[in-house]
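I'd like to ask some things about the structure below.
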Amino acid sequence: MSVKSQQTLMKRLSQLLEQDLSYVDGENENGFNGAKAEFHSKGKSFLRGMAKDLHFNEFKVQSNPTGAASSGDITLYGIWPEGKGLMIRLSDGNHAVHYRTIKHMHDYAGGLNRFFHRDHLAYWSYEKLLYTLERDRLAGVHEPAA
């Protein structure tokens, strides 16, 4: 995807996360529809594009819509050629985007949890977002201090 497309998706994801994605406005409350469905569709596209731009050697994007009470989450797991990796999770929990380093594709504990506010998706450039996500890799941060 182009940087412009990713920037547009970032802004739309920020708008969607400002909404109550658990509210379905009279539609089937057990359904996966409306803004919540758009959040998952655009979130998966955005994270797939990001995986390519971060030059992961291997990656997977998972979507978990959960029930009617929350937005659910979309998660990217990616590994760079040298074996370091990153997990990125989009959801309406904590009003933040969650990320952390990982050692392999099934590393569900990983390195230190890091967050940035979801509003940053609307105001940061896509390049700044990529830099923010890569800085731990560049600094060699992975494990919590002993």
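The values are calculated or read from the model by the stated rules, or taken from the named source; none is laboratory data. Note that the structure is predicted; figures quoted are calculated from it, not measured. As a convention, Cβ positions derive from the backbone with ideal geometry for all residues, glycine included, and neighbour counts pool all protein chains shown.
Starting from the stretch 7-26, keep only residues that are closer than 15 Å to N94 by Cα, then list their pairs with residues that are among the hydroxyl-bearing types (S, T, Y) and at pLDDT 90 or above whose Cβ atoms are within a distance under 9 Å, requiring at least 6 positions of separation or different chains.
What qualifies is S14/Y123.
Can you confirm whether the stretch 39-47 contains a residue that is among the small types (G, A, S), surrounded by fewer than 16 Cβ atoms within 10 Å (Cβ to Cβ) and in a helix (DSSP H, G or I)? Don't jump to the end; show me each part of the working.
Taking the stretch 39-47 first, the residues among the small types (G, A, S) are 41, 43, 45.
Pick out the ones that are also surrounded by fewer than 16 Cβ atoms within 10 Å (Cβ to Cβ) and you get 41.
Next, only the ones that are in a helix (DSSP H, G or I) stay: 41.
Looking for residues that are among the small types (G, A, S), surrounded by fewer than 16 Cβ atoms within 10 Å (Cβ to Cβ) and in a helix (DSSP H, G or I), one finds at least one in the stretch 39-47, hence yes.
Could you go through the stretch 99-122 and let me know if any residue there is in contact with a Ser or Thr (Cβ under 8 Å, 6 or more places away or on another chain) and among the aromatic types (F, W, Y).
Taking every residue of the stretch 99-122 in turn, at least one turns out to be in contact with a Ser or Thr (Cβ under 8 Å, 6 or more places away or on another chain) and among the aromatic types (F, W, Y).
Quick grid of which residues meet (1) farther than 14 Å from L13 by Cα; (2) modelled with pLDDT under 85:
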| residue | (1), (2) |
| --- | --- |
| G67 | yes, yes |
| H95 | no, yes |
| D119 | no, no |
| W124 | no, no |
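Looking only at residues in the stretch 90-128 that are part of a helix (DSSP H, G or I) and hydrophobic (A, V, I, L, M, F, W, C), which one is farthest from S71 (Cα to Cα)?
By that ranking, first place goes to A122.
Could you say whether any residue in the stretch 13-30 is of a type in the set (A, V, I, L, M, F, W, C), at pLDDT 85 or above, touching a strand residue (DSSP E or B) at 6+ places or on another chain (Cβ under 9 Å) and assigned to a helix (DSSP H, G or I)? Even if it seems obvious, please write down each step before you answer.
Looking only at the stretch 13-30, we keep the residues that are of a type in the set (A, V, I, L, M, F, W, C), and these are 13, 16-17, 21, 24.
Still in the list and also at pLDDT 85 or above: 13, 16-17.
Retained after the next criterion (residues that are touching a strand residue (DSSP E or B) at 6+ places or on another chain (Cβ under 9 Å)): 13, 17.
With the extra rule that they be assigned to a helix (DSSP H, G or I), the set shrinks to 13, 17.
Within the stretch 13-30 (the criterion being of a type in the set (A, V, I, L, M, F, W, C), at pLDDT 85 or above, touching a strand residue (DSSP E or B) at 6+ places or on another chain (Cβ under 9 Å) and assigned to a helix (DSSP H, G or I)), the answer is yes, since at least one residue qualifies.
Which pairs have Cβ atoms under 8 Å, sit 6 or more apart or on different chains, and link a residue in the stretch 34-53 that is under 11 Å from G78 (Cα atoms) to one that is of a type in the set (S, T, Y)?
These pairs meet every condition: L47/T75.
Inspect all residues belonging to the stretch 67-84 and state whether any of them is of a type in the set (K, R) and either closer than 18 Å to Q19 by Cα or outside any loop (DSSP other than H, G, I, E, B) (or both). I'd like the intermediate steps shown before the answer.
Filtering the stretch 67-84 for residues of a type in the set (K, R) gives 84.
Still in the list and also either closer than 18 Å to Q19 by Cα or outside any loop (DSSP other than H, G, I, E, B) (or both): none.
The answer is no; no qualifying residue exists.
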